[in-house]
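Report on the structure given below.
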Amino acid sequence: MDWEMVIGLEIHVRLDTMSKLFSGMKASYGASPNSQVSFLDAGLPGTLPVINHKAIEYALRFGLSVDAEIPSVTVFARKNYFYPDLPKGYQISQMDDPIVGKGHIVINTDDGEKTVEITRAHLEEDAGKSIHDKYDQYSAIDLNRAGTPLIEVVSEPQMSNAKEAVAYMRAIYTRVTHLGICDGNLQEGSFRCDANVSVRPKGQTTLGTRAEIKNLNSFRFIEKAINHEAKRQIKILESGGRIVQETRLYDAENDQTRSMRSKENANDYRYFPDPDQLPIQITTAMIDAQRAHLPEFPEAKIKRYVADLGLKLEDADTIANDLNLSRFYEQSLAQSTAAADFNAKFLLGEFNALLNTHGTAIAESRISADHYAGLLDELHAGTVSRKVAKQILDDMWESGQDAKGIIADQGLGQISDSSELTVLIDQLIKDHPEQVASYRSGNEKMFNFFVGQIMKQTKGQANPVQTKQILEDKLNNE
């Protein structure tokens, strides 16, 4: 029997605000355990929540970016069940009146573009963190994360394979990082996902029983987890069993999912409007203010890079979809006389190789866009060769000096004086009569020998175009 997957994602986006959703406590990552906990976060009686207006603004900004319906009123609700790491015993979330309604986003698939509908995106506070591997006899609780603001983006179950799910997750990731509402740090849990996976016979319209895979924070792992879960379900169904609705965890080390708990339904949470939070009016002025913050998104950048700057589609796609890379690229464009496509090739080639060598993201590059643009200008003007430019990149990284200073200090300027090159080439021909005879008898590969020797003698500083022109003239006409 042929089977098909049905996948829906619930993506948790940690909003990059200075304080928590309902308290003024700091919400920074990496602080010592339980050092960022207010009385409210600790669930002490008599404490009252006060909404973080920046979180409201960020949620609205996201909604506008996915062409979502924005309600005139949004309401917070209490979601009740036992959280070992949320002391008050309930989570302030949203149920019937979320701040972001139906929207959509377009993803690229193997079959072309596909629109994935977004059911809703609601604001909620995060829970704390249970730590089970620090002590042998008991678990520890760190409440620093309790109360940090999230938006949970819920998709329709419209993805039919793991690659589409990854493409959708990347599309949402690109949106929230370009909007500036999330730092996008996967390792720190700023962007994580729950995947709802079911299978059904191909052609059937009824949905199968789903299992939810919790807390996936890697694009690679979400693909593997979904594929494994689908295979698990198919194996059970083909052997005559039935799928149980449950929550599962993905074990990356063993590449398998395992049961965590039976899956709750909405009525298990006993939602009701939070009595400590009044409904929030969403005005036209609030929406317009956030519309003004919408940036140029990757799909628009790609079209501009190709149409206006002459980049290849592949290069445009790579640069546009990486926020920090596109910022660096555009900053260097504004400061360099080099052509845009020349810049892109060097950026994605030699400069990216340097970053990979040092295991550094471009946002932490030790070479500024200004210094990078200066090197591009020297290379584009023919002052240095590409080989020497790579050497200068390394020196710029280590010293912090700009390209012009390094070239002057080390005498790395390209030799473009034809008379100087002619003297070197004449001597080279005189010293290698056998190789000259071999070339003139038809061994054209010997030409590269002479080029290599000149480059060796000049430590790569000979102008390669002029060198080849003079060599060709000398070897063919003398």
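The values are calculated or read from the model by the stated rules, or taken from the named source; none is laboratory data. What you see is a predicted model; the values in this text were computed from it and never measured. Cβ coordinates were reconstructed from backbone atoms using ideal geometry, including for glycine residues, and neighbour counts include every protein chain displayed. Just so you know, the surface numbers come from the protein's heavy atoms only, side chains and all, with ligands and any DNA or RNA stripped out. Shrake-Rupley method; radii C 1.70, N 1.55, O 1.52, S 1.80 Å.
Using unit Cβ charges (K, R positive; D, E negative) and no other charged atoms, how large, in debye to the nearest 20, is the dipole of region 55-100 about its Cα centre?
On the way: 4 positive and 6 negative charges, 52 e Å.
Charge dipole of region 55-100: 260 debye, to the nearest 20.
Candidates 77, 106, 182 compared by Cα position along the dipole of the chain: farthest toward the positive end lies 77, with charges placed on Cβ. Taking all Cα pairs closer than 8 Å and separated by 6 or more residues, the relative contact order of region 193-245 comes to 38 percent. Residue 136 exposes around 150 Å² of accessible area when a 1.4 Å probe is run over every protein chain in place.
When the helices of the chain are scored as -39500 (n - 2.57) per DSSP H run of n ≥ 4 and the total is divided over every residue, the value at 222 nm lands at -12000 deg cm²/dmol. Between residue 131 and residue 284, the modelled labels are 5.2 nm apart [label points 7 Å from Cα along Cα→Cβ]. Taking label points 7 Å from Cα along the Cα-to-Cβ direction, residue 469 and residue 156 give a separation of 6.3 nm. The charge dipole of the chain, taken about the Cα centre with unit charges on the Cβ atoms of Lys, Arg (+1) and Asp, Glu (-1), comes to about 960 debye, rounded to the nearest 20. Applying both filters, DSSP loop and at most 14 other Cβ atoms within 10 Å, to the GluC sites (Glu not before Pro) of region 68-133 gives 69. For region 184-228, trypsin sites (Lys or Arg not before Pro) meeting the loop criterion (DSSP other than H, G, I, E, B) and having at most 15 other Cβ atoms within 10 Å: 202. Number of Lys-Lys pairs in region 256-397 with C-alpha atoms under 27 Å apart and a separation of 8 or more places or on different chains: 9.
Accessible-area rank, largest first, for 313, 471, 323, 278: 278, 313, 323, 471, with all protein chains present and a 1.4 angstrom probe. Each Cα pair under 8 Å and six or more residues apart adds its separation to the average, and for region 382-478 the resulting relative contact order is 34 percent. If you count Lys pairs in region 56-209 whose Cα atoms are under 19 Å apart, skipping same-chain pairs closer than 8 places in sequence, the total is 6.
A simple spin-label model places the labels of residue 140 and residue 368 4.1 nm from each other, with each point 7 Å out along Cα-to-Cβ. In this calculation the C-beta distance from residue 296 to residue 437 is compared with R0 = 51 Å, giving a FRET efficiency of 0.25. Taking all protein chains together and rolling a 1.4 Å probe, residue 10 ends up with roughly 40 Å² accessible.
Loop-located trypsin sites (Lys or Arg not before Pro) in region 376-453 (DSSP state not H, G, I, E or B) with no more than 11 neighbouring Cβ atoms inside 10 Å: 445.
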